[in-house]
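Reviewing the structure listed below.
The values are calculated or read from the model by the stated rules, or taken from the named source; none is laboratory data. Because the structure is predicted, anything quoted here is derived from the model rather than measured. A quick note on method: Cβ atoms are made from the backbone with ideal geometry, for glycine too, and the neighbour counts reach across all protein chains shown.
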Amino acid sequence: LTELESSQIRRFQDYLRICTAHPSPDYAGASAFFLPYAASLGLGATTLHFTPCKSKPLLLLTWPGTDPSLPSILLNSHIDSVPAEPEHWIHPPFAAHHDPANGRVYARGAQDDKCLPIQYLEAIRGLQAAGFAPPRTVHISLVPDEEIGGEDGHEKFVQSEEFRALNVGFMLDEGQASLTDEYRVFYGDRLVWKLIVKATGAPGHGSRMFDGAAVENLMDIIETVAEFREAQFSKVKAGKKGPGEVVSVNPVYMNAGTPSPTGFVMNMQPSEAEVGFDIRIPPTEDIEQIIRRIEEEWAPAHKNLTYQLMKKGPVRDVAGRPLVTQTNESNPWWSVFEHAIISSGGKLAKPEILSSTTDARFVRQMGVPALGFSPMINTPILLHDHNEFLEDKVFLRGIEIYQHLIRALSSFKG
Ligand SMILES: CSCC[C@H](NC=O)C(=O)O
Ligand SMILES: [Zn+2]
Ligand SMILES: [Zn+2]
């Protein structure tokens with residue numbers, strides 16, 4: 001590694017060592033890291049707050065363009081991470097150990113998505129060194145709370161006067177690692193719903209066989225949902241659909257039983273039982289049909305079931321269209337993006353819908369095109385997993401890719 005490359009890896013490690021994992025992400029530590037970093041590159045910096053106690057800063061770093069009348073480019077990343085269980089990691093999740101044997105940097109957030117802002121900023125450093133001045137203004141947003149839904153982060157940001165004033169023309173946000181040598185790119189996110197189904201039934205002695213016990217009623221619905229799930233999953237397994245192109249429904253908790261000091265009372269059938277599902281829906285799916293299915297098939301009242309459906313986030317944009325960014329000639333930003341990847345020597349996989357859900361949906365809701373992209377090829381997909389890592393070479397190559405992207409996007413005369 002060159003001296004510059006080593007310093008870039010060190011900056012990545014420094015950021016990873018700031019523990020921004022939930023439930024108490026160190027947002028102040030991240031601000032204290034980024035503000036002097038941005039200043040050293042001559043970037044402007046603003047801190048926005050969307051909570052009264054100002055505990056969730058949103059940092060906005062700005063590289064002013066030579067033609068500020070043009071819509072700007074926004075490079076987004078979230079500061080927060082999901083928690084880690086250190087006992088399952090081969091290196092401590094917040095030590096950012098750089099393994100000399102294979103070049104891997106191990107840390108929670110290495111892929112999701114704390115590589116991004118360092119790559120954005122180091123790409124800007126490279127472009128500045130090459131004497132490049134961007135025609136369009138380039139903003140970097142560092143946002144809180146993506147992992148918990150973005151309510152006090154990107155959701156409020158896009159509704160703010162400050163966001164409107166940025167006049168964003170196009171946004172890049174996080175994507176996912178690619179197992180092959182083709183970069184993955186995401187043009188939509190799935191909707192995220194939560195469903196809780198409660199069953200009631202006749203209680204009784206654990207020895208009695210009778211119809212309509214609460215747990216029996218609940219098992220019934222779990223079976224119905226499992227059939228639907230299998231039908232969706234089989235399309236993915238057969239390679240007919242991508243993982244983001246089907247409806248996923250996964251049970252995430254079950255709760256029943258009468259607690260006792262040693263566990264549960266074993267000879268009582270409880271009168272209540274409940275199950276929680278994580279549901280993800282492609283943005284182009286028929287929502288009404290899913291709601292009907294839940295009402296009529298999954299949780300019908302005649303089976304003594306009640307349900308609570310929590311629908312999070314926007315479904316349509318301001319013009320009433322599904323929240324997808326076009327990846328064809330109708331969207332000039334798409335071809336700029338595609339050509340920049342090709343000119344950097346990269347290959348692109350077929351555009352996908354992200355199977356999880358990220359902040360790009362809020363920006364798409366405002367009618368602004370947004371693509372999800374994290375330049376990680378030949379890398380196992382380890383977001384939210386144990387032993388999350390990113391290889392140094394892949395990380396450094398990402399900086400080059402962003403140099404091509406920032407140059408092309410900020411120069412686009414559309
Ligand atoms: C309620 S929005 C949840 C957002 C979260 N994002 C990343 O994992 C996700 O579960 O996909
Ligand atoms: Zn993420
Ligand atoms: Zn995540």
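When both residues are 6+ apart or on different chains and their Cβ atoms are under 6 Å apart, which pairs have a first residue that lies in the range 98-121 and is under 12 Å from Leu75 (Cβ atoms) and within 12 Å of ligand 3 (Cβ to nearest atom), and a second that is in a loop (DSSP other than H, G, I, E, B) and of a type in the set (D, E, K, R)? That search, which allows pairs on different chains as well, returns Asp113/Glu174. Taking the criterion of being of a type in the set (Gly, Ala, Ser) and crowded, with 21+ Cβ neighbours inside 10 Å, the residues of the range 185-205 that qualify are Gly188, Ala199, Gly201.
The numbered conditions (1) in a helix (DSSP H, G or I); (2) surrounded by 14 or more Cβ atoms within 10 Å (Cβ to Cβ) are all true for Glu296 except (2).
Of all residues in the range 352-375, those that are within 16 Å of ligand 1 (Cβ to nearest atom) and part of a loop (DSSP other than H, G, I, E, B) total 7.
A single member of Ala123, Ala84, Ala133, Ala110 is surrounded by 22 or more Cβ atoms within 10 Å (Cβ to Cβ), out of contact with any Cys (no Cβ under 9 Å at 6 or more places or on another chain), assigned to a loop (DSSP other than H, G, I, E, B) and of a type in the set (A, V, I, L, M, F, W, C), and it is Ala110. Taking the criterion of being without any contact (Cβ under 8 Å) to a residue 24 or more places away in the chain, farther than 30 Å from Phe395 by Cβ and exposed (fewer than 12 other Cβ atoms within 10 Å of the Cβ), would at least one residue in the range 162-184 satisfy it? Scanning the range 162-184, I find at least one residue that is without any contact (Cβ under 8 Å) to a residue 24 or more places away in the chain, farther than 30 Å from Phe395 by Cβ and exposed (fewer than 12 other Cβ atoms within 10 Å of the Cβ), so the answer is yes.
All conditions but one from (1) within 20 Å of the chain's Cα centre (by Cα); (2) in a strand (DSSP E or B); (3) surrounded by 15 or more Cβ atoms within 10 Å (Cβ to Cβ) apply to Phe157; the one that does not is (2).
Taken over the range 215-263, the criterion of being assigned to a loop (DSSP other than H, G, I, E, B) and without any contact (Cβ under 8 Å) to a residue 12 or more places away in the chain is satisfied by Ala238, Gly239, Lys240, Lys241, Pro261, Thr262. Residue count for the range 76-126 satisfying the condition of being among the aromatic types (Phe, Trp, Tyr) and either within 16 Å of ligand 2 (Cβ to nearest atom) or not assigned by TED's automatic domain parsing to the domain that holds Gly149 (or both): 1. When Val265, Val252 are checked against the criterion of being within 16 Å of ligand 1 (Cβ to nearest atom), more than 23 Å from Tyr187 (Cβ to Cβ), exposed (fewer than 15 other Cβ atoms within 10 Å of the Cβ) and among the β-branched types (Val, Ile, Thr), a single residue qualifies: Val252.
Inclusion of Ile381 among residues that are within 16 Å of ligand 2 (Cβ to nearest atom), in the same structural domain as Ala96 (by TED's automatic domain parsing) and surrounded by fewer than 18 Cβ atoms within 10 Å (Cβ to Cβ) is warranted. Cβ-Cβ distances below 7 Å connect the following pairs, each with a first residue in the range 142-153 that is over 14 Å from Asp112 (Cβ atoms), a second residue that is at pLDDT below 95 and near ligand 1 (Cβ under 8 Å from one of its atoms), and a separation of six or more residues or different chains: Gly149/Lys312.
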